[in-house]
Amino acid sequence: MTTGLAKTDAKNPRMHFDIYAIIEGAQELYLGHEVQVNVNLVERVKLSAKDGRSLEKCYISPTKRRGVERRCLLWAPVKSGELLGDKQKCGIPKTCAEQNCPICGPYGALDPGNRTLIGRVTHGGGVAVQEIDAEEKQRAMHPSRLVNQNEEPPMPFKREYNQPGILYPVSNHALSVTDLEFASVAYAFLDSLPRIGSGNPKGVSIAEDENQIPLLVFDRYLVPRGDRPIISPSETDPQRAIEHFLAKARTPETTSDFIQAPHFERWIGKAALEKLREYSTTFVDRILQA
């Protein structure tokens with residue numbers, strides 16, 4: 001069967017795009033997984049390290065990041081005063097499924113029970129670097145949960161949090177999208193960072209090295225020439241993780257923040273962040289303010 005995607009021309013080619021980053025929680029984060037005996041648990045993964053150790057780490061699920069990014073697009077304000085999702089008649093749990101939709105086009109459509117538009121943006125990573133146990137604190141459920149209008153005291157419950165300062169290697173991959181379609185992805189990636197988390201507080205940032213260079217890599221390519229700056233889940237030392245990320249990012253060895261080879265371009269650090277901001281501006285100019 002054919003993909004069903006419309007044909008593009010030489011002036012608007014389809015390319016592959018990758019974003020690799022190490023993000024950092026600057027505050028406590030609750031990334032909910034389940035509730036057990038009045039304790040809201042955060043999501044974790046268990047793994048066996050290369051040296052045989054058994055590890056348990058905090059985890060930012062790629063599907064949670066994807067959901068936040070989709071909502072950033074659905075709730076993006078357009079020039080008419082509407083939100084983009086309302087303008088496109090696109091929402092959750094059922095989206096518009098139109099190929100030219102700046103949300104469904106790259107991210108795929110949602111229509112439970114029916115065949116629909118397949119997404120071409122995938123998300124990866126999210127396993128924490130440091131082996132730091134989640135912290136448990138007691139909270140009080142606000143009495144707004146009243147159902148009978150009687151005065152009731154707040155109900156105490158406990159909630160786990162991912163502790164501040166944990167590093168999470170993450171990645172986004174866009175398959176065969178145009179530059180304009182990727183503009184949506186770049187906007188959603190950057191706009192989602194302060195909104196990641198369940199409840200409050202929310203937000204992560206792109207981590208930086210000792211020289212205050214963002215730990216960020218952006219690839220635009222047809223041939224995957226560069227090494228993928230992926231951190232092993234077995235790594236627990238943040239400094240080694242950062243060194244490994246930067247070494248992979250600059251392979252073949254270079255001091256430049258821009259690498260160009262046949263059918264391959266890579267931006268590193270501040271250059272990568274600036275390039276993603278350029279794409280985000282294109283999204284605002286061409287989609288939101290059109």
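Readers should treat all values here as calculations from the given coordinates under stated rules, not as data from a laboratory. Remember, it's a predicted structure, so these values are computed and weren't measured experimentally. Cβ coordinates were reconstructed from backbone atoms using ideal geometry, including for glycine residues, and neighbour counts include every protein chain displayed.
Worth pointing out:
- Cα shape, the stretch 1-126, gyration tensor, a/c 1.5 rule: prolate
- Cα gyration tensor shape for the chain, rounded if a/c is under 1.5, else prolate or oblate: oblate
- Inter-label distance for residue 176 and residue 54, nm, one decimal - labels placed 7 Å from Cα along Cα-to-Cβ: 4.4
- For residue 94, a cut-off of 13 angstrom between C-alpha atoms picks up these aspartates and glutamates, skipping any fewer than 8 places away in its own chain: 86, 111.
- For the stretch 154-220, averaging the sequence separation of C-alpha pairs within contact (under 8 Å, six or more residues apart) and dividing by the residue count gives a relative contact order of 14 percent.
- DSSP loop trypsin sites (Lys or Arg not before Pro) with at most 11 other Cβ within 10 Å excluded, longest remaining stretch of the chain: 116-290
- Straight-distance candidates among the lysines for linking to residue 137, with alpha-carbon spacing under 26 Å and chain neighbours fewer than 8 residues away dropped: 46, 57, 64, 158, 202.
- What you get for the stretch 170-290, charging only the Cβ of Lys and Arg (+1) and of Asp and Glu (-1), is a dipole of about 240 debye around the Cα centre.
- In the stretch 42-132, Cα pairs under 8 Å separated by at least six residues give a relative contact order of 27 percent.
- Prolate/oblate/rounded call for the stretch 164-247, Cα gyration tensor, a/c under 1.5 rounded: oblate
- Cβ-based charge dipole, the stretch 149-290, positive-most Cα from 201, 169, 156: 169
- Helices assigned as whole DSSP H runs in the chain whose Cα atoms extend at least 15 Å along their own long axis and whose mean Kyte-Doolittle hydropathy is 0.5 or higher are found at 179-192.
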